[in-house]
Amino acid sequence: RLFDLDPDLLPLFQYNCKQFASPQECLSAPEFLDHIRKVMLVIDAAVSHLENLSCLEEYLCNLGKKHQAVGVKVESFSTVGESLLYMLEKCLGAAFSPEVQEAWSELYTAVVKAMQRGWETLPEGD
């Protein structure tokens, strides 16, 4: 769903300087699947620390810096969030109520805001 929503994100996923010719090639690459596992670990950490997300602040801020360094734009995270919600809806079916959707959306927004602070802490020109 990610590349359907924003095909321009495909070039950001390069591993060992390899560019993928198609979204399907990227989606089946072991490196991309490993990246997805890492994303889900961040989501798991956020869920596990729901009552105290601030304990993840430094980690998420540094994660934001890493994403900026490889050319990711903060705006791209809205597409990732939309893809995450889509996946949750497909997996949860009827259990994905408006309240559940709102809770996931709020959690994801909090994670992205913490990551975004990583962009904001870089000096001008970096």
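Read-outs throughout are calculated quantities, based only on the coordinates presented, and are distinct from any laboratory measurement. In this text, all values refer to a predicted model and were calculated from it rather than measured experimentally. With ideal geometry, Cβ positions are generated from the backbone for all residues, glycine too; neighbour counts draw on all protein chains shown.
Per the listing S22, S97, S83, the residue uniquely within 13 Å of the chain's Cα centre (by Cα), of a type in the set (S, T, N, Q) and under 23 Å from R1 (Cβ atoms) is S83. Listed by position, the helices (runs of 4 or more DSSP H) enclosed by the range 1-120 that each have at least 3 residues that are touching a residue at least 40 places away in the same chain (Cβ under 8 Å) are 30-48, 57-69, 76-92, 98-120. The residue list E75, E102, E82 contains one member that is of a type in the set (D, E) and surrounded by 15 or more Cβ atoms within 10 Å (Cβ to Cβ), which is E82.
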